[in-house]
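Enquirer: Can you read through this structure? Questions will come right after.
Read-outs throughout are calculated quantities, based only on the coordinates presented, and are distinct from any laboratory measurement. Not measured: the values here are computed from a predicted model. Neighbour counts run over all protein chains shown; Cβ positions are idealised from the backbone, glycine included.
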Amino acid sequence: MADASGTFASFEQKWLVANPENAIVAVFLPSAQRRLAGAFGSLIHELSSAAFHIREPQVAATKLAWWRQELADAAFGKPSHPVTQTLFDCAGVRESDPALWPALADGALAQLDVPGAGTLAALIEQLDPFFGAVARAENALFRAGGGNVEADAALWTLSHLLRTLPHLADGEAHLPLPLGLLARHELTRAELAYESPQRNMLIKDFLDELVLEGNGALGVSAVRSLPLRVRAALDRRRIESALHVIDPLHWLGTHPHAGRWRTLWTTWHEARAARRAQAGMR
């Protein structure tokens, strides 16, 4: 089962360590949304950690099955975990569609037994059961159904792939790369652990694909949550920087997060853009 010990603050801290930009994003959120954003982010962090970073499939499956029951119970007023207790105490969450919540765990469970994907499009499709569920829940909580779930799911997925890339050499069960790219550059997965001109070009080609896919998602006119807007903007900046170095995979691994001032400026800029977008849709 999931570790339900500790306070909500301990789970929120784990999320912030993995996603430190959200400490700054919170300052720009309306006060009523800050605790909601922290609880939702902490929940997604717990689910994604189980789905993508536990190497023993049975352990991951057991943990996610526990979460599925917990989310189903929480949707009907019986949360027992500090994260779900905090989340369902936030305004509007108890009134959301109950089906949204176990769908998150179902989507995470679907990631435990997937084959390699030949293309980026196929990789995105494999990840959609989870990140599509994330986007639907986020849309219900933060935009009252006014966002574009498909585009936001794509942004969540692309961000996950970018942030997973530095772990290629760790032997993670999930390969965040299309198999077609490996074939094109005549590399095996084991060879990705070592810097080479072929690996550098492969990673740059993949980053170019992420940019093109991200451009399509960002080009969809929609109201997005500030955390997702900032996440996408910072991801784009990291890709641009990585494309200008010899070994982009090493650079991504040594620069997992944007600096404080870059994050602050980006959040301020995206908060202004979000206000203008919302005003234009009224």
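Enquirer: With +1 on each Lys and Arg Cβ and -1 on each Asp and Glu Cβ, how big is the dipole of the chain about its Cα centre, in debye rounded to the nearest 20?
Expert: Roughly 1120 debye, rounded to the nearest 20.
Enquirer: Let me ask you something else. Relative to 2.2 N^0.38 Å, what does the C-alpha radius of gyration of the chain come to as a ratio? Two decimals please. Provide the component values of the computation, followed by the final result.
Expert: Details: Rg = 18.6 Å, N = 282, 2.2 N^0.38 = 18.8 Å.
Normalised Rg, Cα atoms only: 0.99.
Enquirer: By how many nm would the segment from A121 to I246 grow when fully extended, if each residue of separation counts as 0.36 nm and the alpha-carbon distance is taken off?
Expert: Working: separation 125, 0.36 × 125 = 45.00 nm, distance 2.66 nm.
Length gained, A121 through I246: 42.3 nm.
Enquirer: Which helices pass in the chain if a helix is a full DSSP H run, must span at least 20 angstrom along its long axis by Cα, and must have mean Kyte-Doolittle hydropathy not below 0.0? Don't skip to the answer; put the middle values down first.
Expert: Numbers: long enough: 31-53 (32 Å, 0.18); 57-75 (26 Å, -0.21); 120-142 (29 Å, 0.83); 149-164 (22 Å, 0.44); 197-218 (31 Å, -0.05); 226-242 (24 Å, -0.38); 260-280 (30 Å, -1.20).
What comes out of the filter, once short or polar helices are dropped, is 31-53, 120-142, 149-164.
Enquirer: Quick one: Cα centre-to-centre distance for segment 219-263 and segment 20-88, in angstrom?
Expert: 23
Enquirer: Please report Rg over Rh for segment 115-282, where both radii come from the alpha carbon positions and Rh follows the Kirkwood definition.
Expert: 0.99
Enquirer: Additional query: Would you mind counting up the charge near Q85? Only other residues with Cβ under 14 Å from its Cβ, with Lys and Arg at +1 and Asp and Glu at -1.
Expert: That sum, taken over residues with Cβ under 14 Å, equals -2.
Enquirer: Rounding to the nearest 20 debye, state how big the charge dipole of segment 51-165 is about its Cα centre with +1 on each Lys and Arg Cβ and -1 on each Asp and Glu Cβ. Before the final figure, lay out the partial values.
Expert: Details: 8 positive and 13 negative charges, 46 e Å.
Computed charge dipole of segment 51-165: roughly 220 debye.
Enquirer: Right, something else. Per the helix-only calculation at 222 nm, which mean residue ellipticity applies to the chain, given -39500 (n - 2.57) for every DSSP H run of n ≥ 4 and division by its residues, nearest 500 deg cm²/dmol?
Expert: Numbers: 13 runs with 191 residues, N = 282.
About -22000 deg cm²/dmol.
Enquirer: Taking every alpha carbon pair in segment 87-212, what does the distance histogram look like in 5 angstrom bins from 0, in percent?
Expert: Percent of pairs per bin, in order: 2, 10, 18, 21, 16, 11, 9, 6, 4, 2, 0.
Enquirer: So who's got an amide H within less than 5 Å of the one on H174, skipping anything under 5 residues away but keeping other chains? H placed 1.01 Å off N, in plane.
Expert: Under 5 Å from the amide H of H174: no residue qualifies.
Enquirer: Please report the net charge: other residues with Cβ closer than 14 Å to the Cβ of A103, K and R +1, D and E -1. Provide the component values of the computation, followed by the final result.
Expert: Working: positive: R68, R136; negative: E70, D97, D106, D128, E138.
Neighbourhood net charge equals -3.
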